């Protein structure tokens, strides 16, 4: 197993996420362009030109290259589990210089920038363990502007799902143009405070346009999209029909006394890419 090869694979993964927007997001933005008018149409046109230029020039599509965030599914028979965290951290350091990425990790007490996009608890990695001997890594560079619009509501259970839906709609409308819409919104309902927000972040990994497999939740997603888009906030907050490209909802069972609702907002640059590492050390980035 070549350590350098795997770390280079991590660099390739991050570069793809930073420079190539997934096809589902591009298609959704193209649809928005078709239905918008005036300044809203101009904003979407500019976004699409930026996406195309980033891919052709192999440069990040936004100056905020984000906090490097990863969702890792580890096959329990993968023979090098103990090396994965180190490979990811070293890959982030290399990517910062090679792509390059803007250094975005700042000590909250000292105000010192780490300079390489690593630091305490960063890169932010969510681990899961599955059958098999492959490792699947999803890169999700998370920009600060959209992350600042995240919200946690510890609602009273009596308000029910209707209250949860109202909370999501109200918070996205309050956010206005701050998260660089049109956005993708991830919603976690249930669990605890931390779990609801983690579910919200996990929800934005789902491709735009793909509904939840539970028909009840899928219907709620469609309702939230419609209600938010009626707000007329529009692209970049300048008015229009497209405030969100999609809303994805995930759930967890909750305590009888709590109804946590975590809202995670992703800007139009819904950056994500996927990598598979095989047990023999070979890898591919999708």
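Read-outs: derived from the displayed coordinates by stated rules, not from any lab. Quick caveat: nothing in here was measured; it's all calculated off a predicted structure. Note that each Cβ is placed from the backbone with ideal geometry, even for glycine, and that neighbours are counted across all protein chains shown.
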Applying a 10 Å radius around every beta-carbon, put 206-217, 33-44 in order of their mean neighbour count, most first.
33-44, 206-217
Percent of C-alpha pairs per 5 Å bin, the range 1-98, short to long
2, 11, 18, 17, 15, 12, 9, 7, 5, 3, 1, 0
Given 4 °C and 1.567 mPa s, compute D for the chain with the Stokes-Einstein relation, Rh being the Kirkwood radius over Cα pairs; round to the nearest whole µm²/s.
66 µm²/s
Label model pair residue 106, residue 215: point-to-point distance (7 angstrom along the Cα→beta-carbon line) in nm is 5.0 nm
How large is the direction-averaged shadow of the alpha-carbon convex hull of the range 200-286, in nm²?
8.3 nm²
Let me know the whole percent of all Cα-Cα pairs from the range 16-64 that are separated by more than 12 Å.
61 percent
Anyone know which of 244, 185, 169 comes out most mobile in the 10 Å Cα GNM of the chain?
169
Centre separation in Å (Cα based) which lies between the range 105-163 and the range 193-213
12 Å
When DSSP beta bridges are limited to those with both residues in the chain, what percentage is antiparallel, rounded to the nearest 5?
65 percent
For the range 141-230, rounded, prolate or oblate, judged on the Cα gyration tensor with a ≥ b ≥ c (square roots of eigenvalues), a/c < 1.5 rounded, else prolate if a/b > b/c?
rounded
